[in-house]
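Peer 1: I'd like to ask you about the structure that follows.
The values are calculated or read from the model by the stated rules, or taken from the named source; none is laboratory data. Please read all numbers here as calculations on a predicted model, not as lab measurements. Here the Cβ positions follow ideal geometry from the backbone for every residue, glycine too, while neighbour counts run over all protein chains shown. Heavy atoms of the whole protein, side chains included, go into the accessibility calculation; ligands, DNA and RNA do not. Shrake-Rupley method; radii C 1.70, N 1.55, O 1.52, S 1.80 Å.
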Amino acid sequence: MSGSGAAGAAAGPAPPAQEEGMTWWYRWLCRLAGVLGAVSCAISGLFNCVTIHPLNIAAGVWMIMNAFILLLCEAPFCCQFVEFANTVAEKVDRLRSWQKAVFYCGMAIVPIVMSLTLTTLLGNAIAFATGVLYGLSALGKKGDAISYARIQQQRQQADEEKLAETFEGEL
């Protein structure tokens, strides 16, 4: 018991995803999109490997690797027989949303650059959408109209004061 307590204390603070203000349903939406993206990458990657063109085979292998990485990061319980799955998932959970967005979108673009076919486009679309969802969460929540109006009023008052100072300086 003391070993697990020490490991929990060493894990540190809560993941940044909670600090960024992601709601629980948006976090689950991102995870669901990641799992669906992994499934679509795996199926399309298998279809992409059934060819004689070497770039299509390379793109298919990359897509299958993307599927494994997405499952490892978003749903580590699907990879319970991989010893390092929970460790990788914990490290990925500590990443900020924009870092996940860049990583997932980058992983999805590579096979499309290798072989621009309908299979690679459709197979990587959901994986890319997962990156877009994480990127949107990095932007944050939309502000309310009252605070926006208050900021605009403060800016307008500051501009009027500067304008009045310039007129007084000319006289």
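Peer 1: Label-point separation (nm) for residue 58 and residue 77, each offset 7 Å from Cα along Cα-to-Cβ?
Peer 2: So the label points at residue 58 and residue 77 sit 3.9 nm apart.
Peer 1: Explain nothing, just the number: relative contact order of region 28-162, from Cα pairs under 8 Å at least 6 residues apart, as a whole percent.
Peer 2: The normalised contact order for region 28-162 reaches 30 percent.
Peer 1: Using just the Cα positions, wrap region 76-171 in a convex hull and report its mean projected area in square nanometres, one decimal place.
Peer 2: 12.2 nm²
Peer 1: Where q = 0.10 Å⁻¹, what log10 of I(q)/I(0) comes from the Debye formula for region 13-140, counting one point per Cα?
Peer 2: -0.31
Peer 1: Per residue, what accessible area does region 21-171 have, given a 1.4 Å probe and all protein chains present, in Å²?
Peer 2: 66 Å²
Peer 1: Can I ask one more? In debye, nearest 20, what is the charge dipole magnitude of region 28-162 about its Cα centre with +1 on Lys and Arg Cβ and -1 on Asp and Glu Cβ, if you could check?
Peer 2: The calculated dipole for region 28-162 is roughly 120 debye.
Peer 1: Then there is this: Going highest first, how would you order 117-129, 49-61 by mean Cβ packing within 10 Å?
Peer 2: Ranked from most to least packed, the peptides come out as 117-129, 49-61.
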